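Student: Just dropping this structure here.
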Amino acid sequence: MTAPMPVRPPGPPADREAEKAPGERRPARLLAPLRETGKLFTLAGTVCRETFRRPFQVREFIEQFWFVASVTILPAALVSIPFGAVIALQVGSLTQQLGAQSFTGGASVLAVIQQASPLIVALLVSGAAGSAICADLGSRKIREELDAMEVMGVSPVQRLVVPRVLATMLVAVLLNGLVSVVGTMGGYFFNVIMQHGTPGAYLSSFSALAQLPDLYISEIKALIFGFIAGIVAAYRGLNPRGGPKGVGDAVNQSVVITFMLLFFVNMVLTAIYLQIVPAKGS
């Protein structure tokens, strides 16, 4: 008669995970990006739902709006000038080669309004304000302030995340108009002064090519980009890993992820707009 085999007591979860075969752990790693994406979309849906929940945090919204605006207005105005100048110089050089210099103003202004302005606003909002939002929420998370709020029955999303996301969206929309005006003025100056263009041709080509939906799509892009920047910053701030070092890593990750999403969404919105709205005069 053989002696019964000794029963090994179950070890901690880390030991049981180490005993798994590599093939069993691989699907979990492959599904991790999908899981993170699902959590990000879940947070976006929760923010949309909690936006209409009362009471609305008016004071927090005003404070965050002022903070985001204060750290992005001057950099946005300064960055838009060289952007408009580069676009005007490049488009002006190309139109001179093609013999269509009279269309320089319209082409450069449309490029600034439709493409450059929303991207400049989104990159600055994400880099300056989004990183600060992520760091603030991440520090609150590791200090267990968010857990204490949940214990007291206060929703951290409704109390902290919603005002920050709405502030980034509103600042992005308002800042987009400023960047469009400054970029257009910079392009006008460099085209007329440095490339010896005529002011009348610059303005007439703009009125011949531009239409009101061009401004609409620019503001819609700024609104969506501000929402993406706020959501990604809030998500990474609510889910830091590894203490204070994890907060720093989360800030870097939020900026990189936002940049990738912005360029992809910009491509999709531009393709949809060009398919739906016909060019002026066509």
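Student: Within the stretch 53-102, how many residues turn out to be part of a helix (DSSP H, G or I), more than 30 Å from residue 209 (Cβ to Cβ) and either polar (S, T, N, Q) or over 22 Å from the mean Cα position of the chain (by Cα) (or both)?
Tutor: Start the filter on the stretch 53-102 by keeping residues that are part of a helix (DSSP H, G or I), which leaves 58-98, 101-102.
Imposing the further condition that a residue be more than 30 Å from residue 209 (Cβ to Cβ) reduces the set to 58-71, 74.
Remaining after also requiring either polar (S, T, N, Q) or over 22 Å from the mean Cα position of the chain (by Cα) (or both): 58-59, 64, 70.
Number of matching residues: 4.
Student: Do we have residue 228 as surrounded by 15 or more Cβ atoms within 10 Å (Cβ to Cβ), under 30 Å from residue 161 (Cα atoms) and in contact (Cβ under 8 Å) with a residue 60 or more places away in the chain here?
Tutor: Working: surrounded by 15 or more Cβ atoms within 10 Å (Cβ to Cβ): yes; under 30 Å from residue 161 (Cα atoms): yes; in contact (Cβ under 8 Å) with a residue 60 or more places away in the chain: yes.
Criteria met by residue 228.
Student: Where residues in the stretch 238-281 are in contact with a Phe, Trp or Tyr (Cβ under 8 Å, 6 or more places away or on another chain) and of a type outside the set (Ser, Thr, Tyr), which of them is most open to solvent (accessible area, probe 1.4 Å)?
Tutor: Initial filter on the stretch 238-281 (in contact with a Phe, Trp or Tyr (Cβ under 8 Å, 6 or more places away or on another chain)): 254, 262, 265-266.
Checking which are of a type outside the set (Ser, Thr, Tyr) leaves us with 262, 265-266.
Numbers: 262: 0, 265: 31, 266: 16 Å².
The residue in question is 265.
Student: Please state which one of 125, 109 is crowded, with 24+ Cβ neighbours inside 10 Å and more than 24 Å from residue 46 (Cα to Cα). Break it down stepwise before answering.
Tutor: Working: 125 fails: more than 24 Å from residue 46 (Cα to Cα).
After applying the criteria, what remains is 109.
This table checks each residue for (1) open to solvent by less than 20 Å² (accessible area, probe 1.4 Å); (2) among the aliphatic types (A, V, I, L, M); (3) closer than 21 Å to residue 46 by Cα.
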position	(1), (2), (3)
137	yes, yes, yes
145	no, no, yes
163	yes, no, yes
173	no, yes, no
180	yes, no, no
184	no, no, no
187	yes, no, no
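Student: Filter the helices (runs of 4 or more DSSP H) completely within the stretch 170-282 down to those with at least 3 residues that are under 24 Å from residue 72 (Cα atoms) and over 15 Å from the mean Cα position of the chain (by Cα).
Tutor: Working: elements: 199-209, 212-238, 244-276.
The qualifying helices (runs of 4 or more DSSP H) are 212-238, 244-276.
Student: Please work out if residue 180 is polar (S, T, N, Q) and either over 22 Å from residue 49 (Cα atoms) or touching a Lys or Arg at 6+ places or on another chain (Cβ under 7 Å) (or both).
Tutor: Values: polar (S, T, N, Q): yes; either over 22 Å from residue 49 (Cα atoms) or touching a Lys or Arg at 6+ places or on another chain (Cβ under 7 Å) (or both): yes.
Considered against the rule, which asks whether it is polar (S, T, N, Q) and either over 22 Å from residue 49 (Cα atoms) or touching a Lys or Arg at 6+ places or on another chain (Cβ under 7 Å) (or both), residue 180 comes out as yes.
The values are calculated or read from the model by the stated rules, or taken from the named source; none is laboratory data. Computed from a prediction, not measured in an experiment: that's the story for all the values here. Every residue, glycine as well, gets a Cβ built from its backbone with ideal geometry; the counts of neighbours run over all protein chains shown. Note: areas computed on protein heavy atoms with side chains; ligands, DNA, RNA excluded. Shrake-Rupley method; radii C 1.70, N 1.55, O 1.52, S 1.80 Å.
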